[in-house]
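The values are calculated or read from the model by the stated rules, or taken from the named source; none is laboratory data. Small disclaimer: the values here were computed from a predicted structure and weren't measured. Here the Cβ positions follow ideal geometry from the backbone for every residue, glycine too, while neighbour counts run over all protein chains shown.
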Amino acid sequence: MGSNLDSRFGDRQGNLREAVQRFASLGEVKVVSSLYDTEPVGYLDQPRFLNGAAILQTQLEPLDLLRGLLEIERAMGRERLIAKGPRVIDLDLLLYGDRVIQTPELTLPHPEMQARRFVLEPLAEIAGDWMHPVLGVKVAELLSRLAV
């Protein structure tokens, strides 16, 4: 999860806190990582991000969970004006157990997670021993492989 714009929920941290509270509509939040201040990736002319990760226990199937996350984004005011551009909230579904899915709407595991420090740092904090189901490598190992 990430945020780099202020909103009616406050600053970046307020946006992330609000999103985590809204996760309760999708399942039980088991743990939330620390928040990490990061540079934007892709589209660089925008404010810095605050990123984190959460583990959610849910009865929802992966596609229903993704749709729930997208609805939280929409309800919080996410506008998709510029690809990888500024946003109030960005919620990505990274892993769903050891499920591997490739559809037009959802790819699991997230296809870019292993290359993104802003994803791997908070995820390694709360789930470093989780195995990437395609690469067969633990999250902490993926993080250690990234260049500093």
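Residues of the stretch 17-44 being closer than 24 Å to residue 105 by Cα and part of a helix (DSSP H, G or I), which ones?
Scanning the stretch 17-44 gives 19, 20, 22, 23, 24, 25.
Within the stretch 1-15, how many residues turn out to be closer than 9 Å to residue 88 by Cα and in a helix (DSSP H, G or I)?
Counting residues in the stretch 1-15 that are closer than 9 Å to residue 88 by Cα and in a helix (DSSP H, G or I) gives 2.
Counting only residues that are touching a residue at least 24 places away in the same chain (Cβ under 8 Å) and either within 12 Å of residue 52 (Cβ to Cβ) or of a type outside the set (A, V, I, L, M) (or both), how many does the stretch 133-144 have? Don't jump to the end; show me each part of the working.
Quick first cut of the stretch 133-144, residues touching a residue at least 24 places away in the same chain (Cβ under 8 Å) only: 133-134, 142-143.
Adding the requirement that they be either within 12 Å of residue 52 (Cβ to Cβ) or of a type outside the set (A, V, I, L, M) (or both) leaves 133.
Here the count works out to 1.
For the list (1) farther than 29 Å from residue 103 by Cα; (2) among the polar types (S, T, N, Q); (3) out of contact with any Lys or Arg (no Cβ under 8 Å at 6 or more places or on another chain); (4) in contact (Cβ under 8 Å) with a residue 40 or more places away in the chain, I need the number of the one condition that residue 25 fails.
Looking at each condition in turn, residue 25 falls short on (1).
Just to check your reading of the model, which residue among 119, 139, 100 is in contact with a Pro (Cβ under 9 Å, 6 or more places away or on another chain) and hydrophobic (A, V, I, L, M, F, W, C)?
Values: 119 fails: in contact with a Pro (Cβ under 9 Å, 6 or more places away or on another chain); 139 fails: in contact with a Pro (Cβ under 9 Å, 6 or more places away or on another chain).
Criteria check complete, one pass: 100.
Look through the stretch 2-21, keep the residues that are surrounded by fewer than 18 Cβ atoms within 10 Å (Cβ to Cβ) and basic (Lys, Arg), and return whichever of them is modelled with the highest pLDDT.
From the stretch 2-21, those surrounded by fewer than 18 Cβ atoms within 10 Å (Cβ to Cβ) are 6-8, 10-11, 13-14, 17, 20-21; that's our starting set.
Restricting the remaining residues to those that are basic (Lys, Arg) gives 8, 17.
Details: 8: 92, 17: 97.
Only one residue fits best here, namely 17.
With the requirement that a residue be touching a helix residue (DSSP H, G or I) at 6+ places or on another chain (Cβ under 6 Å) and in contact (Cβ under 8 Å) with a residue 40 or more places away in the chain, what does the stretch 60-101 give you?
If the condition is that a residue be touching a helix residue (DSSP H, G or I) at 6+ places or on another chain (Cβ under 6 Å) and in contact (Cβ under 8 Å) with a residue 40 or more places away in the chain, then 72, 88, 89, 91, 94 are the ones that fit.
Restricting attention to the stretch 45-59, which residues are touching a helix residue (DSSP H, G or I) at 6+ places or on another chain (Cβ under 9 Å) and either touching a residue at least 40 places away in the same chain (Cβ under 8 Å) or in a helix (DSSP H, G or I) (or both)?
Answer for the stretch 45-59, where residues must be touching a helix residue (DSSP H, G or I) at 6+ places or on another chain (Cβ under 9 Å) and either touching a residue at least 40 places away in the same chain (Cβ under 8 Å) or in a helix (DSSP H, G or I) (or both): 47, 48, 49, 50, 51, 52, 53, 54, 55.
Could you list all residues from the stretch 138-148 that are surrounded by 14 or more Cβ atoms within 10 Å (Cβ to Cβ) and not charged (D, E, K, R)? Show your work before the answer.
First pass over the stretch 138-148, keeping only residues surrounded by 14 or more Cβ atoms within 10 Å (Cβ to Cβ): 138-143.
If the condition is that a residue be surrounded by 14 or more Cβ atoms within 10 Å (Cβ to Cβ) and not charged (D, E, K, R), then 139, 140, 142, 143 are the ones that fit.
Whether any residue in the stretch 104-125 is at positive phi, surrounded by fewer than 19 Cβ atoms within 10 Å (Cβ to Cβ) and of a type outside the set (A, V, I, L, M, F, W, C) is what I want to check. Let's see the steps before the verdict.
So the first thing to find is which residues in the stretch 104-125 are at positive phi, and the list is none.
No, that holds for no residue.
How about the stretch 14-60: which of its residues are among the polar types (S, T, N, Q), under 15 Å from residue 76 (Cα atoms) and over 14 Å from the mean Cα position of the chain (by Cα)?
Step one: list which residues in the stretch 14-60 are among the polar types (S, T, N, Q), which gives 15, 21, 25, 33-34, 38, 46, 51, 57-59.
Narrowing the set further to residues that are under 15 Å from residue 76 (Cα atoms) leaves 15, 21, 25.
Correct list: 21, 25.
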